[in-house]
């Protein structure tokens, strides 16, 4: 499989984008705005994007997807900046993000169903499956003690590519949907493989430790 550190949107570029938002984050911190406000705003805006897709306003839908993604970026950064990051806040953010993705893909799928492009609507379903599995694999892996923050098609890539694809042209949107359907599922497999390698390494170390302990016990007996 590909290098697990490689992403379609380089991490350095994402870090640069977050740094550009720093003045805005600082302003919101001074105003005392709640991170959850942006979490909820994100899913509302994304729902509006879904409605726009259903009504046939693809470019507007793309703009709203990017706006919803911006809210998703702000909420986490604001929580850390204001010292209001909590475990429940992280859970709430993750849960709302999943609802937002469901609604977003529902709107995109509905658009192609109404346009009688059933093939693309089916591909949207696989894109949604991959997106949900990427999130599930990370959540489940981390609950079992594995590190799983990797993959070439994570949430930022899905949001940015889908939004830009919709803004550019319907053909670009269809291409992006295919890319997400393929690479999101590939990312889920990456995370499974990464967890397997960590577990295998741990088992090897445990086996080596037991072997060393048995050797020590044998030497102790024969002394």
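The values are calculated or read from the model by the stated rules, or taken from the named source; none is laboratory data. Model, not experiment: these values are computed from the prediction. In this analysis, Cβ positions are derived from the backbone assuming ideal geometry, glycine residues included, and neighbour counts consider all displayed protein chains.
Within region 94-105, can one find any residue that is on the phi > 0 side of the Ramachandran plot, free of Cβ contacts under 8 Å to residues at least 40 places away in the same chain and either in a helix (DSSP H, G or I) or surrounded by fewer than 18 Cβ atoms within 10 Å (Cβ to Cβ) (or both)? No, every residue in region 94-105 fails to be on the phi > 0 side of the Ramachandran plot, free of Cβ contacts under 8 Å to residues at least 40 places away in the same chain and either in a helix (DSSP H, G or I) or surrounded by fewer than 18 Cβ atoms within 10 Å (Cβ to Cβ) (or both). Which of the numbered conditions does residue 86 fail, given that it passes all the others? Conditions: (1) at pLDDT 90 or above; (2) surrounded by fewer than 14 Cβ atoms within 10 Å (Cβ to Cβ). Tallying (1) at pLDDT 90 or above; (2) surrounded by fewer than 14 Cβ atoms within 10 Å (Cβ to Cβ), residue 86 fails exactly one: (1). Scanning region 170-191 for residues that are under 14 Å from residue 120 (Cβ atoms) and in contact with a helix residue (DSSP H, G or I) (Cβ under 7 Å, 6 or more places away or on another chain) turns up 170, 172, 173, 174, 175, 176, 177, 178, 179, 180, 181. Determine, yes or no, whether residue 88 is within 22 Å of residue 41 (Cα to Cα), touching a residue at least 40 places away in the same chain (Cβ under 8 Å), more than 12 Å from the chain's Cα centre (by Cα) and in a helix (DSSP H, G or I). No: the conditions fail for residue 88. Looking only at region 148-169, decide whether some residue is surrounded by fewer than 18 Cβ atoms within 10 Å (Cβ to Cβ), in contact with a helix residue (DSSP H, G or I) (Cβ under 6 Å, 6 or more places away or on another chain) and at pLDDT 90 or above. Yes: one or more hits. Cβ-Cβ contacts under 6 Å between residues 6 or more apart (or on different chains), taken from a first residue in region 32-43 that is in contact (Cβ under 8 Å) with a residue 60 or more places away in the chain to a second residue that is not in a loop (DSSP other than H, G, I, E, B), are listed as 43/96; 43/99; 43/100.
None of 68, 83, 56, 62 is out of contact with any helix residue (DSSP H, G or I) (no Cβ under 6 Å at 6 or more places or on another chain) and more than 13 Å from residue 35 (Cα to Cα) except 56.
Only a single item in (1) in contact with a helix residue (DSSP H, G or I) (Cβ under 6 Å, 6 or more places away or on another chain); (2) more than 19 Å from residue 172 (Cβ to Cβ); (3) surrounded by fewer than 20 Cβ atoms within 10 Å (Cβ to Cβ) is not met by residue 121, and it is number (2).
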